[in-house]
């Protein structure tokens, strides 16, 4: 029996195992689910051992744990490090799920449940591929290390010191991320760029407490009004971010980049209809696709202050708040962008009010793979073989913080080699994972190891 026959024969078991994995509510953002993140890590440990990996262990960080394993018996062959994550996003609002998020169900050859696509289905794929090769051949064509974390969905805040302390353990010639996506069931893509991330919370304060709007209105400044003015000062009607210095370090899209994006089909009318918006919006001078993939953003994620109940309460609130995230592109740095934001917000605070800007957890450097990158070239060849057509060369507006952490510490650019799809309701109710892609990914990882060997 070869590895392909093994994968076919054991597919029902693999799907059942994925169902069991998705059933664990490993929500890293919720303190109540800390034991569940650990349980998911233990599940991964057991699964790696069953696959035949060695030196398998769960390792602590200052937050959620990580899992490491290796198989290093291919002398003279490259060592590859495969990354993924076993934590998941919160599932609220629960009432929008067709079936409960942690009671996974198979419908229409799709597995529905929180984390099915992001990233439990994705990270299980290479484990199964390794098992198939070890069970049928007794060895792997390359040396393999696997590194799975339990805190990606909160920005991997405790990974930098862990990676720094364990650099020799993680050292590899190539890195592949099992967290990511393909373009379609019959069209591959190779993601060459990810955006970075920086987050902040603004608090605008005025009086020592809420005040009667009739008695004090007109005499003192309103924090909500002041917050609105600050927010309005950060982005123009043309979509351009107006924070001084924000674009200084941006590597703009080249003519070749823009041509590559333009070659990829994009139905803007369908995009608008699917999102239920009246039109697109963004920075002038760039197409929607260019803005999504290659330009930085500044977005308001939450705003609150004053009376939120039914009817009216005639108060002049003491405080108003907003949360901001910026998605960054090469070569912007989160620390520098936060400093620029804070300086601009403080300068824009209206008279009679105070403002504080707090940096929030969750940070990532942008990531851009250089042209001709060896691992990406190999991945493109494998995808062409598996799908029968060359992959689109794309970028994404999302962030995988560990990519730049590994680059900074190990000096190796990672390649996204993953098999979810962007329409699978990642981070939203009714997340699902196509079982067809689950099977395709297993073949692709086997072929990747063979090509690299």
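Which one is farthest from residue 59 (Cα to Cα) among residues in the stretch 111-132 that are out of contact with any strand residue (DSSP E or B) (no Cβ under 9 Å at 6 or more places or on another chain) and crowded, with 24+ Cβ neighbours inside 10 Å? The qualifying residue farthest from residue 59 (Cα to Cα) is 132. Of the candidates 398, 362, the single residue that is modelled with pLDDT under 95 and under 30 Å from residue 223 (Cα atoms) is 362. Listed by position, the helices (runs of 4 or more DSSP H) contained in the stretch 138-242 that have at least 3 residues being more than 26 Å from residue 29 (Cβ to Cβ) are 167-170, 213-216, 223-232. Could you tell me whether the stretch 158-168 includes any residue that is within 30 Å of residue 434 (Cβ to Cβ), within 16 Å of the chain's Cα centre (by Cα) and either without any contact (Cβ under 8 Å) to a residue 60 or more places away in the chain or assigned by TED's automatic domain parsing to the domain that holds residue 391 (or both)? Scanning the stretch 158-168, I find at least one residue that is within 30 Å of residue 434 (Cβ to Cβ), within 16 Å of the chain's Cα centre (by Cα) and either without any contact (Cβ under 8 Å) to a residue 60 or more places away in the chain or assigned by TED's automatic domain parsing to the domain that holds residue 391 (or both), so the answer is yes.
(1) touching a residue at least 40 places away in the same chain (Cβ under 8 Å); (2) under 24 Å from residue 291 (Cα atoms): which one isn't true of residue 374, the others all being true? Here residue 374 clears every test but (2).
The residue of the stretch 43-66 that is nearest to residue 166 (Cα to Cα), among those that are in contact (Cβ under 8 Å) with a residue 12 or more places away in the chain and part of a loop (DSSP other than H, G, I, E, B), is 61. At least 3 residues that are out of contact with any helix residue (DSSP H, G or I) (no Cβ under 9 Å at 6 or more places or on another chain) and over 22 Å from residue 190 (Cα atoms) in each: list the helices (runs of 4 or more DSSP H) lying fully within the stretch 249-345 that qualify. Per the criteria, 268-275.
Of all the criteria given as (1) crowded, with 19+ Cβ neighbours inside 10 Å; (2) in contact with a helix residue (DSSP H, G or I) (Cβ under 7 Å, 6 or more places away or on another chain); (3) farther than 23 Å from residue 348 by Cβ, the one not satisfied by residue 191 is (2).
So, in the stretch 30-43, of the ones that are over 18 Å from residue 90 (Cβ atoms) and more than 20 Å from the chain's Cα centre (by Cα), which residue ends up surrounded by the fewest Cβ atoms within 10 Å (Cβ to Cβ)? Taking the candidates together, the pick is 42. Filtering 40, 69, 74, 29 for residues that are assigned by TED's automatic domain parsing to the domain that holds residue 123, assigned to a loop (DSSP other than H, G, I, E, B), within 23 Å of residue 152 (Cβ to Cβ) and touching a residue at least 60 places away in the same chain (Cβ under 8 Å) leaves a single hit, 29.
The values are calculated or read from the model by the stated rules, or taken from the named source; none is laboratory data. Please read these numbers as outputs of a predicted model, since none were measured by experiment. FYI the Cβ positions are ideal-geometry reconstructions off the backbone, even for glycines, and counts take in every protein chain you see.
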